[in-house]
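Have a look at the structure below, then the notes.
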Amino acid sequence: MWFTQALESRFTSAQLRSATGAVVATGSVDPADPKAIVIPVRALAPGKYKVFWKILSVDTHRTQGDFGFEVKP
């Protein structure tokens with residue numbers, strides 16, 4: 001995920017969760033790009049997933065959100 005401002009890594013987090021709510025993977029600020037969060041994952045099994053994220057930008061704006069997606073067989 002990319003943002004318009006650099007992120008404070010200590011106050012930024014992201015989680016990928018399965019349809020049951022189980023945490024599949026966690027993410028962090030990309031060391032190569034302080035405006036991006038990366039959630040490294042291997043191949044995902046078919047099913048519905050949701051990403052939850054919270055950020056604090058260097059200009060002190062906090063925001064959070066989520067989005068879902070589906071992996072089809």
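The values are calculated or read from the model by the stated rules, or taken from the named source; none is laboratory data. Quantities reported herein were computed from a predicted structural model and do not represent experimental measurements. All Cβ positions, glycine included, derive from the backbone under ideal geometry; neighbour counts span all protein chains shown. Remember, those area values only see protein heavy atoms, side chains included, never the ligands or the DNA or RNA. Shrake-Rupley method; radii C 1.70, N 1.55, O 1.52, S 1.80 Å.
Can you confirm whether region 42-57 contains a residue that is open to solvent by 70 Å² or more (accessible area, probe 1.4 Å) and touching a Leu at 6+ places or on another chain (Cβ under 6 Å)?
No - not one qualifying residue is present in region 42-57.
Please determine whether any residue of region 29-52 is in a strand (DSSP E or B), of a type in the set (A, V, I, L, M) and under 23 Å from residue 73 (Cβ atoms).
yes
Any residue at all in region 1-17 that is open to solvent by 60 Å² or more (accessible area, probe 1.4 Å) and in contact with a His (Cβ under 9 Å, 6 or more places away or on another chain)?
Yes: one or more hits.
When you look at residue 50, is it under 13 Å from the mean Cα position of the chain (by Cα) and basic (Lys, Arg), yes or no?
Answer is yes for this residue.
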